[in-house]
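These notes concern the structure reproduced below.
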Amino acid sequence: MPPIRIPKSVRIIGTGITPLNPRSPAKHAVLAGQKVSPSALMQQALRLALDNAGVSLKDLNGLIAVPSLADTHFMEAHYLATQIGLLPGKSIIVRTVDTGGAGPVTGLLEAKRMIQMEGADLVAVVAGDAVKNLSGEEFLKRADQTCNHPEAELPSPVIPSGYDRVAQYQMKNFGTTREQLAACSALMSIMASRHPSALTHTPRTITEILSARHVAPVTSVLECARRADGGAAIILASSSFLERKGLSRNTGVVVVGGGEASGPLFPPKRIEDMSEQMFSCEEAAGVAYDEAQVGVRDIDFFGLYDCFPICLIRAIEAVGLAPKGHGGSFVEEKYYQIVKGLERDPDGFKPQDVFPINTHGGLLAFGAPWEVPAMYNIIEAYDQLTNRAGPQRQVRNARRALVYGNGGIFSASAVAVLGRGSY
Ligand code: MLC
């Protein structure tokens, strides 16, 4: 009889994150007019993650990368692997995944498959971009091309306009209010103000958000993913790798389950023609919960994609934190609870006690280097589960986390459930 193959458990054993909007590393490079490149950010993030995990580049036998917008390469992962000297090499699997902003979570799940089904035992997932380094005009020229189609008739800025259309659909069909949308960004700014690396340092109010310049009918500039430069990476290992290296089998956090689902690349032109059919987060979360054999009540921390308020509201509903149509009122209620709590007890009140979601501030307030930010959801979940989030942000006794990445305009959903290493 052939031996029974016991699936290897897969753990995230290290993370790396570059500063956001770093200035060009060398003075002479600035003088020469060179700008920080996505590739340099990816390399820096990977080095930081390898160091953090206590492993070396030579140990890697898998690499997954997410393409950038600022300096796109054919076969991004192969480009990166060649640059860092991982290739040429034998028995190394290198793959580029492109599910837009869902990429880091798709990459995490792909790394798990590479370890469990393809014989890899140490895999890095890497993302980096420098979209803040592009002029506003150049950024929009590129971003507008990604999700547009004559049938969709989305005006520039195309991506904010696409999400705005979905926000209007939610307002019309479920009674979500303009203030509830703005409360998402206000709440994320409170969270970011408690994270030392976030771009947004000062909480802003709903009034400030509503009175900011509007880029689409129900979307102000303060309700858009905050354009930034940065890189981030994670290292995943099999249980046998840890054993071989003499590392504790409880190192890091376990990837317990995952799910993915897809929607169209752009929404229909008319709000009347939109339906629940185009959304996929609920399906992806359902698969992830099933695989992990847990439900929403078992999750202590949520890293939910929030490129625009409507994305956060729909995610809160999709993962089961609020019934369908009630995500907006859920956020608004929590926002006021947090504002009052902080007024009453500025030092002692912990926003994460009432809202254990995006304690880093999400895309709206932490920073959003194009397809990188779902990695920040994963890294914040890692910090929460390993008790590294610090007194300002740590969720009490965080045992399980759910992370969600969204690509395109609700076009790709990837969800993973992570668990604390030891029980
Ligand atoms: C912008 N600003 C913010 C902010 N967003 N401040 C606080 N919070 C936010 N969320 C500030 C900037 O720091 C800047 O100030 C000023 O507002 C103008 O921003 P800008 O980006 O430099 O301006 P502009 O060129 O006019 O463009 C505005 C914009 C653009 C809204 C059109 O920012 C934009 O398109 N943003 C969305 C990016 C996006 O689509 N990301 C992908 C999301 S979809 P200062 O002082 O710094 O100059 C997704 C899925 C996927 O994530 O697959 O990709």
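Ranking of I316, I17 by neighbouring Cβ atoms within 10 Å, starting from the fewest: I17, I316.
Net length available on complete extension from S240 to F349 is 35.0 nm, with 0.36 nm assigned per residue and the Cα-Cα distance removed. Give, as a single signed number, the net charge of other residues whose beta carbon lies under 15 Å from the beta carbon of E243, with Lys and Arg counted +1 and Asp and Glu -1. Once positives and negatives cancel, what remains is +3.
Per-residue Cβ neighbour counts within 10 Å put T207, T251 in the sequence T207, T251, beginning with the fewest. For Cα pairs less than 8 Å apart in space and 6+ apart in sequence, what is the mean separation divided by the residue count of the range 343-423, i.e. the relative contact order in percent? The normalised contact order for the range 343-423 reaches 24 percent. Looking at the range 290-353, none of the chymotrypsin sites (Phe, Trp or Tyr not before Pro) sits in a DSSP loop with at most 11 other Cβ atoms within 10 Å of its own Cβ. Find out how many positive minus negative residues lie around E282, taking Lys and Arg as positive, Asp and Glu as negative, among other residues whose Cβ is under 12 Å from that of E282. Here the count lands on -1.
Determine the sum of side-chain charges near N61: Lys and Arg each +1, Asp and Glu each -1, restricted to other residues whose C-beta is under 15 angstrom from that of N61. Value of the local net charge: +4. 3J(HN,Hα) along the range 193-209, derived from phi through the Karplus expression 6.51 cos²θ - 1.76 cosθ + 1.60 where θ = phi - 60°, amounts to 5, 9, 10, x, 9, 6, 6, 8, 9, 10, x, 10, 9, 4, 4, 4, 5 Hz, with x in place of Gly and Pro. Across the range 211-224, coupling constants 3J(HN,Hα) worked out from phi with the 6.51/-1.76/1.60 Karplus curve, θ = phi - 60°, read 8, 6, 4, 8, 9, 7, x, 10, 9, 8, 4, 7, 10, 10 Hz, and Gly and Pro carry x. Between the listed residues T251, P67, V215, the Cα displaced farthest toward the positive end of the dipole of the chain, a dipole computed from Cβ unit charges relative to the Cα centre, is found at T251. Pairs exceeding 28 Å between alpha-carbon atoms, taken from K112/K132; K112/K245; K35/K269; K35/K90; K8/K90: K112/K132; K35/K269; K35/K90. The distance from the alpha carbon centre of the range 207-285 to that of the range 72-100 is 22 Å, rounded to a whole number. Restricting the calculation to Cα atoms, the range 36-190 shows an Rg/Rh of 1.07 when the hydrodynamic-style radius is the Kirkwood one. Taking the helices alone, the chain has a mean residue ellipticity at 222 nm of -11500 deg cm²/dmol, built from -39,500 (n - 2.57) per DSSP H run of at least 4 residues and averaged over all its residues. Looking at the calculated P(r) for the range 44-94, what percent of the C-alpha pair distances fall above 15 Å? It works out to 47 percent of all Cα pairs. By the Kirkwood approach, averaging reciprocal distances over each pair of separate Cα atoms, the chain gets a hydrodynamic radius of 21.5 Å. Here the gap between R388 and K269, fully extended at 0.36 nm per residue and compared with their Cα-Cα distance, gives a gain of 38.3 nm. Counting neighbouring beta carbons within 10 Å and listing from fewest to most, the residues D51, D129 come out as D51, D129. A Förster distance of 25 Å, applied to the separation of the beta-carbon atoms of Y336 and T202, puts the FRET efficiency at 0.85.
Working note: Karplus 6.51/-1.76/1.60 with θ = phi - 60° gives the range 126-133 the couplings 10, 9, x, 7, 9, 7, 6, 5 Hz, where Gly and Pro are set to x.
Values quoted throughout were computed directly from the atomic coordinates according to the rules given, and no laboratory measurement underlies them. All of these numbers come straight from a predicted model, not from anything done at the bench. Ideal geometry is used to build each Cβ from the backbone, glycine not excepted, and the neighbour counts take in all protein chains shown.
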